[in-house]
Amino acid sequence: EDASGDSAIIEYIGGKPVIHHGRKFTIMTNDPTYDEQLALLKKLDFSKPSSDTPLPGNVNPRDRFQRAAYYFAMLTEPKNEREGVAGVLAIMRNVSVPFGAPYKGFGIYNTEYRTVMNLTNKRYYFELTTSPNVIWADLTKFDLAPGAPVMTLNPDNIDLSGDVTARFQKTKAPF
């Protein structure tokens, strides 16, 4: 999504990119194909979500996609950035795969992190699922010009919380 609200979802099917472009394309999980996910939503009526609406609750991507769409439909217009970020993180936490959850035939496949971007004010929020803290960086304070130094921060530090913009360090470009 960009700052104007225009969205695109890009998925690779059979090695070729398939692009879904437009403001209505905002939620996706990693399986099944996006066309199949949209077909699932047509069977459900989330136009008037209520506490009586039955929701699927498994960790499979279909169930998580339907829950995300339902809760997204319930979001109210946030009064400020804090409410907006909190609302999106609440949905993401609800549909994340918890540690230890079985996933198809290859064992455990849990959610490692969640991110939210304020595209207007250029703030990037990050939540490592093994830490109780949310951190964020103000991208307006970084030199993003071509050739500028590469900056890194290891988020796996329990002491990190809140605005970590000043804690980024210069590093050698990995490529």
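Taking Ile135 as the residue in question, decide whether it is open to solvent by less than 30 Å² (accessible area, probe 1.4 Å), part of a strand (DSSP E or B) and touching a Phe, Trp or Tyr at 6+ places or on another chain (Cβ under 7 Å). It is true that Ile135 is open to solvent by less than 30 Å² (accessible area, probe 1.4 Å), part of a strand (DSSP E or B) and touching a Phe, Trp or Tyr at 6+ places or on another chain (Cβ under 7 Å). Residues of region 8-38 that are assigned to a loop (DSSP other than H, G, I, E, B) and either touching a residue at least 24 places away in the same chain (Cβ under 8 Å) or polar (S, T, N, Q) (or both): Thr26, Ile27, Met28, Thr29, Asn30, Asp31, Pro32, Thr33.
Which residues, taken from region 146-167, are open to solvent by 50 Å² or more (accessible area, probe 1.4 Å), in a loop (DSSP other than H, G, I, E, B) and more than 26 Å from Tyr109 (Cβ to Cβ)? The answer is Pro146, Gly147, Pro149, Asp159, Ser161. Among the residues making up region 69-110, those that are among the β-branched types (Val, Ile, Thr) and at pLDDT 90 or above are Thr76, Val85, Val88, Ile91, Val95. Looking at region 17-29, can you tell me whether even one residue there is under 30 Å from Gly100 (Cα atoms), touching a Pro at 6+ places or on another chain (Cβ under 6 Å) and not aromatic (Phe, Trp, Tyr)? Within region 17-29, one or more residues are under 30 Å from Gly100 (Cα atoms), touching a Pro at 6+ places or on another chain (Cβ under 6 Å) and not aromatic (Phe, Trp, Tyr).
Scanning region 39-74 for residues that are assigned to a helix (DSSP H, G or I), in contact (Cβ under 8 Å) with a residue 40 or more places away in the chain and either of a type in the set (Lys, Arg) or open to solvent by less than 50 Å² (accessible area, probe 1.4 Å) (or both) yields Ala68, Ala69.
A search for C-beta distances below 9 Å between a residue of region 151-175 that is acidic (Asp, Glu) and any residue that is surrounded by 10 or more Cβ atoms within 10 Å (Cβ to Cβ) and in a loop (DSSP other than H, G, I, E, B), counting only pairs 6+ apart in sequence or on different chains, returns Asp156/Thr130; Asp156/Ser131; Asp159/Asn133. Here is the figure for region 75-85: residues that are assigned to a helix (DSSP H, G or I) and either surrounded by 14 or more Cβ atoms within 10 Å (Cβ to Cβ) or touching a residue at least 12 places away in the same chain (Cβ under 8 Å) (or both) total 3.
The values are calculated or read from the model by the stated rules, or taken from the named source; none is laboratory data. The shown structure was predicted, so the numbers you read here are calculated from the model rather than taken from an experiment. All Cβ positions, even for glycine, are placed from backbone atoms using ideal geometry, and neighbour counts span all protein chains on display. Note: areas computed on protein heavy atoms with side chains; ligands, DNA, RNA excluded. Shrake-Rupley method; radii C 1.70, N 1.55, O 1.52, S 1.80 Å.
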